[in-house]
Amino acid sequence: MSTAGQAGRAIVAALLANLGIAVTKFLAFLLTSSSSMLAESIHSLADTGNQGLLLLGGKRAQREESSTHPFGYGRERYLYAFLVSIVLFSVGGLFALYEGYHKVQEREGIHGWAWVPVTVLVVAVGLESFSFRTAIRESRLTKGAQTWVQFVRRAKAPELPVVLLEDLAALIGLLLALGGVALTLATGDGIWDGIGTMSIGVLLVAVAVVLGVETKSLLLGESATRAVVTQIQAALEAEPLVERVIHMRTMHLGPEELLVAAKIAVRHDESAGDVARAIDAAEARIRAAVPIARVIYLEPDIFTEPAGSSPPGGTGLVV
């Protein structure tokens, strides 16, 4: 199954969970005036909107290429993931810091319905854990032997890392809110509610910065992984008429669309027809080895070994 399909299930699970949590938290805020509950309500509402953005980005990325966008719209998935980081930073993180600061200044306790925020937060932890477990299960299908940190940093499909980090931040935020509310109820001092709220803000800002940095790299255009580059080079050099790869460039046009451009060395005595057939065969070998290689440009050339360089048996330069 494609990464888009795996991500879709995780996104829908997160959207449904966050929508229900957001409504419940906001009702708890109305009953208790807890700033932690308000911050968590806005956080869950922002997460719900973010999942909507990811679904919209995935839908728009499926459009066919056009004259103005000849390589298609696959990178829209990166754009919408970047927008998620902005929403999380501004609507989630900065609002929580602002609300927490005022709560610390006022130090107003939680009045009436004291059991409501604790109950809501405990239920929210259960719902968020379900969403997080779904994201982990879908991510494991593509993570392979990578660590989770490597997966977040190297994944070319942005949706799963985004949902993973959002759900992780949501779980930690719920625990921070639960701690702030519990200490406020125990001491009657609203400063703990404010500290919990500000802690949530710092957490969301940190996660938003990580997401922004990673998705910015994807937006700028990342190359294929080293393993994929090696597969492409091996496929090229398996073609009998290709002597070596002189140099090669790759770039992701989308999570499942790869551009490959390479200059390949052929023998000087081959006919134009033989070279053309060798290029067609080499393209077929690349697509068989790396199915996401959708756009391939191969330029034949005569390779001349530079003076003082390695003998002809060495490998070509691959970048």
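Computed from the coordinates by the stated procedures, all read-outs in this text should not be read as laboratory data. Bear in mind the structure is a predicted one, so any value in this text is a computation, not a measurement. Here the Cβ positions follow ideal geometry from the backbone for every residue, glycine too, while neighbour counts run over all protein chains shown.
Ranking of Thr134, Thr119, Thr250 by neighbouring Cβ atoms within 10 Å, starting from the fewest: Thr119, Thr134, Thr250. Extending 7 Å from Cα along the Cβ direction at Ile172 and again at Asp269 yields two label points whose distance is 6.6 nm.
Taking 0.36 nm per residue of sequence separation and removing the Cα-Cα distance, the Leu56/Ala261 pair yields an extension gain of 70.7 nm.
Tell me the Kirkwood hydrodynamic radius of segment 226-301 in angstroms, computed as one over the mean inverse distance between distinct C-alpha pairs.
The Cα-based Kirkwood calculation yields 12.3 Å.
Once you divide the Cα radius of gyration of segment 56-135 by 2.2 N^0.38 Å, the number left is 1.76. As a proxy for reagent exposure, ranking Tyr98, Tyr73, Tyr297, Tyr78 by other Cβ atoms within 10 Å from fewest up yields Tyr297, Tyr98, Tyr73, Tyr78. Full extension of the chain segment joining Glu64 with Thr147 gains 26.4 nm, where the gain is 0.36 nm per residue of separation less the Cα-Cα distance.
Comparing Ala155, Phe95, Ile136 along the charge dipole axis of the chain, the residue lying farthest to the positive side is Ile136, per the Cβ-charge model.
If you average the alpha carbon positions of segment 103-170 and of segment 251-294, how far apart do those two centres end up, in angstrom? Using only Cα atoms to place each centre, the spacing works out to 43 Å. Bridge orientation summary for segment 226-301: considering DSSP beta bridges with both residues in this region, about 55 percent are antiparallel.
Of all lysines in the structure, those lying under 30 Å Cα to Cα from Lys103, and not within fewer than 8 positions of it along the same chain, are Lys25. Placing +1 on each Lys and Arg Cβ and -1 on each Asp and Glu Cβ, with no other charges, gives the chain a dipole about its Cα centre of roughly 380 debye. Taking a sphere under 13 Å around the Cβ of Val210 and counting the other residues whose Cβ falls inside, with K and R at +1 and D and E at -1, yields a net charge of 0. Couplings 3J(HN,Hα) for segment 220-237, derived from phi with the Karplus relation 6.51 cos²θ - 1.76 cosθ + 1.60 (θ = phi - 60°), are 5, x, 9, 6, 5, 5, 4, 5, 5, 4, 5, 4, 5, 4, 5, 5, 5, 6 Hz, where x marks Gly and Pro. Rounded to the nearest 0.05, the FRET efficiency derived from the C-beta distance between Arg137 and Ala186 at R0 = 41 Å is 0.65. Treating only the Cα positions of segment 1-76 as identical point scatterers, give the base-10 log of I(q)/I(0) from the Debye formula at each q in 0.16, 0.17, 0.25 Å⁻¹. So the normalised log intensities work out to -0.66, -0.70, -1.03. Here Glu299, Glu237, Glu138 are placed in order of increasing Cβ neighbour count within 10 Å, fewest first, which gives Glu299, Glu237, Glu138. Taking a straight Cα-Cα cut-off under 23 Å and skipping sequence neighbours fewer than 8 places away in the same chain, the lysines within cross-link reach of Lys216 are Lys59, Lys143, Lys156.
Where only DSSP H runs of four or more residues are counted, the chain gives -22000 deg cm²/dmol as its mean residue ellipticity at 222 nm, each run worth -39500 (n - 2.57). Using only side-chain charges placed at the Cβ, +1 for Lys and Arg and -1 for Asp and Glu, the dipole size of segment 27-163 relative to its Cα centre rounds to 640 debye. Among bridges DSSP assigns within the chain, what percent are antiparallel (round to 5)? Approximately 55 percent, going by the DSSP bridge assignments.
Across the chain, Cα-Cα distances exceeding 27 Å account for 53% of all pairs. Largest first, the extents of the alpha carbon coordinates of segment 43-189 on the three principal axes equal 64, 34, 23 Å.
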